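Where a number appears in this text, it was derived from the coordinates with a stated rule and is not lab data. These numbers come from a predicted model, not from an experiment. Note that we place each Cβ from the backbone using ideal geometry, even for glycine, and neighbour counts take in every protein chain shown.
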Amino acid sequence: MFAGRLHYSWVVVAVMFVVILSSVGVRATPGVLIVPLQEAFGWNAAVISGAVSLNILLFGLVGPFAAGLIQTIGLKRTVLCSMVLLVLGAGSSAFVSEIWQLYLTWGMLVGLGSGAGMVGLATAIANRWFVHRRGLVVGLLTASNASGQLVFLPLLASLVVAHSWHIVPIVVACVILALIPVVLLMLPESPAAIGIGPFGSQEIVELPPRSGNPFAIAINGLIRGARSVDFWLLFTTFAVCGFSTNGLVATHLIPFCIDHGIPEVSAAGLLAAMGVFDLVGTTVSGYLTDRYDSRVLLFWYYGLRGLSLVALPFTHFDVVSLAIFAAFYGLDWVATVPPTVTLTNEVFGKKDAPVIVSWIVAGHQIGGALAAFGAGETRYLTGSYVPAFLASGVACLMAALMVLRIARGRSAVAVAE
C-alpha cells in the first residue's frame with residue numbers, strides 16, 4: 001500500500017518532533033530569564049533556581065502518569081492536555097511580580113505540561129507505530145526533547161536584550177498555541193486508526209480498549225520495576241544524566257559564562273550550538289543502538305561526558321575551548337536515551353516499557369532538579385559554579401561503570417514482547 005510512498009508513521013514522527021521540540025523549549029526558557037529576573041526583582045539565583053528545580057522535578061514525575069493517561073484517554077488527548085497547560089503557564093508568567101507566582105507558572109503549570117513530552121511518549125510512539133527502526137525513532141524524538149531546551153535560547157535571549165523579559169513567555173505560549181490545530185488534524189491514535197500497519201509490518205493491529213486508572217497503571221509499573229536491580233541501575237544512572245544536562249548545563253551554563261565576562265546572547269548561542277549537535281548525536285545514537293550493545297554505548301557516553309565536565313572549569317573560557325565543549329557536549333547531551341530505552345524494553349518488554357521508562361526518566365528529572373537547585377545554591381554560597389561542575393563530572397564517571405552491570409543476569413523480571 002505504501003510502496004514508493006512515505007509511510008505515515010514518519011509523518012507522526014515529524015509532527016511529534018516539532019511539538020516536543022517546542023514544548024521542551026518552553027520548559028527551558030527560564031535559562032535566559034535568571035539574570036533578567038534578578039535585575040528586575042532583586043531575587044537571588046538560589047530563589048529563582050528553586051522554581052526551575054520544581055519545573056524539572058514535575059517534568060519528570062508527571063511522565064509515568066502521562067504514560068498511563070495515554071492508555072486511558074488516548075495519545076492525542078494526552079498531548080493536547082499538556083499543550084493547554086503550557087499555554088496557560090507560559091502566557092500567565094509574563095505578568096508575575098512575586099516569587100510565588102513564578103513557582104506557580106514556570107514551576108508548576110509548565111512543569112506539568114511539559115512532562116507529557118517525555119521519553120515515555122517517544123517510547124509509546126516508537127512501539128505503537130514502528131516494528132523496525134525503533135531505536136532511530138526514539139533517538140529522533142529524544143533529540144527534539146533535548147534540542148528544544150537549547151535551540152530557542154539565542155532568539156529568546158535576543159528578545160530579552162531588544163525588548164524585555166516579559167515578551168519571552170508570550171512568544172513561546174503563542175508557538176504552542178499555533179501547534180494545537182496541527183496535532184488535532186495530523187496525529188491519529190494508531191496505524192490501525194487510518195487502516196495501515198506499523199512501519200515494517202503489513203499487519204493491522206487494533207489497540208486494546210481504553211481502560212484502567214492512569215494512576216494505578218503508573219504505580220503498578222513502579223512496583224514492578226522496583227523489584228528489579230536493573231531498574232535501579234537504570235534509574236540511578238539516568239538521574240546522573242539529568243544532573244549533568246538539563247539541571248546543570250541547560251540551567252546554569254549561561255550565568256557561568258556571564259561570570260567569565262561572556263555576554264548572555266553569546267552564552268545562549270553556545271547552548272543553541274549544543275542543541276544542533278545534540279540532534280545529530282542522539283539520532284546517530286539511535287542508529288548505533290539498533291546495531292551495538294547498549295551497555296557499551298552508555299559506558300562511553302557517560303565516561304566522556306564526565307571528563308568534559310571536569311575539564312571545563314580549567315579552560316580559559318575562550319572561543320576555542322567553549323566551541324569544543326559545545327560540540328562535544330552537544331553530541332553527548334542525551335545520546336544516553338536510545339540505549340536506555342532499549343535496555344528497558346529488553347528487561348521489561350515493550351508493553352510495560354513506556355510506563356517503566358517514564359519512571360526511569362523521573363530519576364533523570366530528580367537528578368536535574370537537584371543540580372538546578374544545588375548549583376544555584378553553590379553559586380550563592382561560594383560565588384562560583386566550579387564545585388557543581390566538578391561534582392557532576394565525577395558522578396558521570398561513576399555512572400559509566402554502573403551501566404556495565406545492567407541486565408547482565410536478567411531473569412524472571414523480563415517478559416516476552
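Quick notes on this structure:
- Placing one equal scatterer on every Cα of the range 320-404 and applying the Debye formula, the log10 ratio I(q)/I(0) at q = 0.27 Å⁻¹ is -1.32.
- Computing FRET efficiency as 1/(1 + (r/R0)^6) for VAL320 and THR382, where r is the C-beta to C-beta distance and R0 is 30 Å, gives about 0.65.
- Legend: ranking of residues ASP318, ASP259, ASP278, ASP230 from fewest to most surrounding C-beta atoms inside 10 Å; resulting order ASP318, ASP259, ASP230, ASP278.
- Taking only the Cα atoms of the range 166-264, the ratio Rg/Rh comes out at 1.13, with Rh defined as the Kirkwood radius.
- The protection proxy used here, the mean number of other Cβ atoms lying within 10 Å of each residue, ranks peptides 340-346, 239-245 as follows, highest first: 239-245, 340-346.
- Residue among ALA218, ALA67, ALA192 with the largest mean-square fluctuation in a Gaussian network model of the chain, springs linking Cα atoms under 10 Å: ALA192
- Of the trypsin sites (Lys or Arg not before Pro) found in the range 308-417, those in coil by DSSP whose Cβ has at most 11 other Cβ atoms within 10 Å are ARG408.
- Sparse-neighbour loop sites [trypsin sites (Lys or Arg not before Pro); the range 256-321; at most 14 other C-beta within 10 Å; DSSP]: ARG291
- Sequence-distant residues sharing a close amide H with PHE199 (under 5 Å, placed H): PHE130, VAL131
- Relative contact order for the range 152-284, counting Cα pairs under 8 Å that sit 6 or more residues apart, in percent: 28 percent
- Rounded to 10°, Cα long-axis angle of helix 134-147 versus longest principal axis of the chain: 20 degrees
- Length-normalised contact order for the chain - Cα pairs under 8 Å, 6+ apart - percent: 27 percent
- With the convex hull of its Cα atoms as the shape, the chain has an orientation-averaged projected area of 19.0 nm².
- Taking trypsin sites (Lys or Arg not before Pro) across the range 164-229, the ones in a DSSP loop with at most 12 further Cβ atoms lying within 10 angstrom of their Cβ are ARG210, ARG227.
- Nearest-0.05 FRET efficiency for ALA226 and LEU404, computed from C-beta distance (R0 35 Å): 0.95
- Projecting the Cα positions of ILE324, ALA369, ILE356 onto the charge dipole of the range 277-370 (unit charges on Cβ atoms of Lys, Arg, Asp and Glu, taken about the Cα centre) puts ILE356 furthest along the positive direction.
- 222 nm mean residue ellipticity, helices alone, for the chain (DSSP H n ≥ 4; -39,500 (n - 2.57); rounded to 500): -23500 deg cm²/dmol
- Each residue of the range 8-25 was assigned a 3J(HN,Hα) from its phi angle through the Karplus expression (A = 6.51, B = -1.76, C = 1.60, θ = phi - 60°), giving 5, 4, 6, 5, 4, 4, 5, 4, 6, 4, 5, 5, 5, 3, 6, 5, 6, x Hz with x at Gly and Pro.
- When the chain is treated as a GNM with alpha-carbon contacts under 10 Å, the residue of THR283, THR378, THR251 showing the greatest mean-square fluctuation is THR378.
- Taking other Cβ atoms within 10 Å as a rough exposure proxy, TRP100, TRP129 sort from fewest to most as TRP100, TRP129.
- Rounded, prolate or oblate (a/c below 1.5 giving rounded, otherwise prolate when a/b exceeds b/c) for the range 1-103 by Cα gyration tensor: prolate
- Angle between the chain longest axis and helix 75-93 axis [Cα atoms, degrees, rounded to 10]: 10 degrees
- Where labels lie 7 Å past Cα in the beta-carbon direction, separation of ILE73 and HIS260 in nm: 4.5 nm
- Estimated FRET transfer efficiency (SER164, ALA193; beta-carbon r; R0 51 Å; 0.05): 0.70
- This ranking places TYR103, TYR292 by how few other beta-carbon atoms lie within 10 Å of each, fewest first, which gives TYR292, TYR103.
- Helix 153-162 and the longest principal axis of the C-alpha atoms of the chain enclose an angle of approximately 40°.
- When the chain is treated as a Gaussian network with alpha carbon springs shorter than 10 Å, the biggest mean-square fluctuation among GLY330, GLY200, GLY68 belongs to GLY200.
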